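Since the structure comes first, as structure tokens, the remarks are kept for the end.
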Amino acid sequence: MNIFISNSGDVPIYEQITSQIKDMIMRGELKGGDALPSMRALAKDLHISVITTKRAYEELERDGFIHTMVGRGSFIADANMEMMKEEQYRKIEGILTEGVRLAKSSGISCEELQEIIQMVYEED
Amino acid sequence: MEYLIEVENLNKTYPGFSLKNVNFKVPGGCIMGLVGENGAGKSTTIKAIVDLIHTDSGNIRVLGKDIRKKGKEIREDIGVVLDGASFHEILRAKEIGKFMGKIYRNWDEKYYQRLLKTFTVPGNKPIKEFSTGMRMKLMIVAAMAHHPKLLILDEATSGLDPVVRDEILDMFQEFIQDEAHSVLISSHITSDLEKVADYITFIHKGEIFLSEEKDRIMEEYGIVRCRPEDLASIAPDMIVGVSRGAYSCDVLVNQRERVKQQYPDMMINRIKLEDVLLFKVKGDK
């Protein structure tokens, strides 16, 4: 498992951890039942605060990606594809909102915008 | 939450300096940094916590007990490294182990040897031949080898190179792998604490002006760079400090997101821990 922490970015460190673990789950690198390092061990290895790793794990737990058992540690939850897709929808929505805002401010119509998406989608 | 150190309304007056109503708590399982400029009161606070000085008033509880009454008992469970304190120059690490074994009931010679090895402190060399970093590592190892629950260190990383400082931070994080353990470390090198500390307590002129989770400080504080005439438009309750330059005006705010929403055109940057200190000290002058 690799986690890369950037101290310069605008993204809070706990969010960097949660999004990277989620990505690993979606890519299938982490599977249901896999053990995660303890919050304290992860904090030590990344040289960050325990509060940061705790917050990351709490958010992952809240969103159903992992479950934590007292005294045994944290484990990846069995993949819930619906939930993963939901998560991706949210991400895409976020990115597209930006595009729509830009389109509106420059007078580009919804049809034109759809054409752009169509084009980009097929290009790839 | 269980607190390993509780300082309540601590007051101590010296000619020309006083600690004024110092209040803060160190929870279990964390590293707390006590940050302030030289002469701010860090060492005095630490000395009061370990009962090395008389205080004028206030309550101090260490590991849940009053240190002035149960000092002997508590000292078995804490490890302390004070600024400038050192073992005698002619001693070797292995000899220090011998006499520390007579001082502490729980001295663990095997663990001591292992720590010396892990942190590459030579056992057989007199301290006078040690580098500054090695001396400090020895002090910390010696403070840890009786399995304390709490480490209290005054300026343990100042004067050391980044490599040794990093090793020492490792030691602290290793120490708090046990959730019942905590570290209180005073420092004016805030970049070290920026990495590993869980809580930061700022002290200035003998007064605590902020004691908070580090993540929260780093996330919520920000520096707005604006024209001096824009200053009046920022809500005063968000302003922590102001620094006026020749071409622009820097404002330390404690609600970065709110400022971003209200003034999308203003330039707002993330902070470093030392900014909080700099704004406070400069704003005071």
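For the range A:41-62, a residue qualifies if it is surrounded by fewer than 15 Cβ atoms within 10 Å (Cβ to Cβ) and acidic (D, E), and the qualifying residues are A:D45, A:E61. Looking across B:G41, B:G79, one residue alone is crowded, with 19+ Cβ neighbours inside 10 Å, away from every other protein chain (no Cβ under 14 Å) and at positive phi. It is B:G41.
Within the range B:82-121, if we keep just the residues that are surrounded by fewer than 12 Cβ atoms within 10 Å (Cβ to Cβ) and in contact with a strand residue (DSSP E or B) (Cβ under 8 Å, 6 or more places away or on another chain), the residue that is farthest from B:T45 (Cα to Cα) turns out to be B:I90. Scanning the range B:191-213 for residues that are polar (S, T, N, Q), more than 11 Å from chain A (Cβ to nearest Cβ) and surrounded by fewer than 22 Cβ atoms within 10 Å (Cβ to Cβ) turns up just one, B:S211. The set of residues in the range B:65-74 that are without any contact (Cβ under 8 Å) to a residue 12 or more places away in the chain and either in a helix (DSSP H, G or I) or not charged (D, E, K, R) (or both) comprises B:K69, B:K70, B:K72, B:E73.
Residue-wise test of (1) in the same structural domain as B:G133 (by TED's automatic domain parsing); (2) within 23 Å of B:E179 (Cβ to Cβ); (3) part of a loop (DSSP other than H, G, I, E, B).
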site: B:G79; (1), (2), (3): yes, yes, no
site: B:S86; (1), (2), (3): yes, no, yes
site: B:G97; (1), (2), (3): yes, no, no
site: B:K102; (1), (2), (3): yes, no, no
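Does at least one position in the range B:144-162 carry a residue that is buried (at least 22 other Cβ atoms within 10 Å of the Cβ), under 29 Å from B:E76 (Cβ atoms) and within 11 Å of chain A (Cβ to nearest Cβ)? No: zero hits. Taken over the range A:22-49, residues that are outside any helix (DSSP H, G or I), within 30 Å of B:V183 (Cα to Cα) and among the small types (G, A, S) amount to 3.
Annotation: of all residues in the range B:214-235 being open to solvent by 50 Å² or more (accessible area, probe 1.4 Å) and away from chain A (no Cβ under 14 Å), the one that is farthest from the chain's Cα centre (by Cα) is B:E229. Filtered by the rule that a residue be of a type in the set (K, R) and either open to solvent by less than 10 Å² (accessible area, probe 1.4 Å) or closer than 24 Å to B:A180 by Cα (or both), the range B:15-38 gives a lone residue, B:K25.
Looking at the structure I just gave you, is B:V183 open to solvent by less than 20 Å² (accessible area, probe 1.4 Å), under 18 Å from B:S43 (Cβ atoms) and among the β-branched types (V, I, T)? Yes; evaluated as a whole, the condition is true for this residue.
Whenever a residue of the range A:12-24 is within 12 Å of another protein chain (Cβ to nearest Cβ), its partners that are among the acidic types (D, E), lying with C-beta atoms within less than 8 angstrom and at least six residues away or across chains, give the pairs A:P12/B:D215; A:P12/B:E219; A:I13/B:D215; A:Y14/A:E59; A:Y14/B:D215.
Within the range B:171-180, the residues that satisfy the criterion of being facing chain A (nearest Cβ under 9 Å) and either open to solvent by 30 Å² or more (accessible area, probe 1.4 Å) or farther than 25 Å from B:K149 by Cβ (or both) are B:E174, B:Q177, B:D178, B:E179.
Filter the range B:236-262 down to the residues that are part of a loop (DSSP other than H, G, I, E, B) and open to solvent by 50 Å² or more (accessible area, probe 1.4 Å), then identify the one that is nearest to B:Y221 (Cα to Cα). Filtering the range B:236-262 for residues that are part of a loop (DSSP other than H, G, I, E, B) and open to solvent by 50 Å² or more (accessible area, probe 1.4 Å), the one nearest to B:Y221 (Cα to Cα) comes out as B:Q255.
In the condition set (1) not in a strand (DSSP E or B); (2) not assigned by TED's automatic domain parsing to the domain that holds B:V183, B:E194 is compliant with all but (2).
Look at the range B:122-135: where a residue is surrounded by 11 or more Cβ atoms within 10 Å (Cβ to Cβ) and a partner is of a type in the set (K, R), sitting 6+ places away or on another chain with Cβ atoms under 8 Å, you get B:G123/B:R92; B:G123/B:K94; B:K125/B:R92; B:P126/B:R92; B:I127/B:R92; B:I127/B:R135. In this structure, does A:M1 turn out to be closer than 26 Å to B:I176 by Cβ, away from every other protein chain (no Cβ under 14 Å), in contact (Cβ under 8 Å) with a residue 12 or more places away in the chain and not polar (S, T, N, Q)? Against the criterion (closer than 26 Å to B:I176 by Cβ, away from every other protein chain (no Cβ under 14 Å), in contact (Cβ under 8 Å) with a residue 12 or more places away in the chain and not polar (S, T, N, Q)), A:M1 qualifies. Restricting A:R90, A:R62, A:R55, A:R101 to those that are charged (D, E, K, R) and modelled with pLDDT under 90 reduces the list to A:R90.
The values are calculated or read from the model by the stated rules, or taken from the named source; none is laboratory data. The structure presented is a predicted model; accordingly, all values stated were derived computationally and were not measured. As a convention, Cβ positions derive from the backbone with ideal geometry for all residues, glycine included, and neighbour counts pool all protein chains shown. Just the protein is used for accessible areas: all its heavy atoms, side chains included, with ligands, DNA and RNA removed. Shrake-Rupley method; radii C 1.70, N 1.55, O 1.52, S 1.80 Å.
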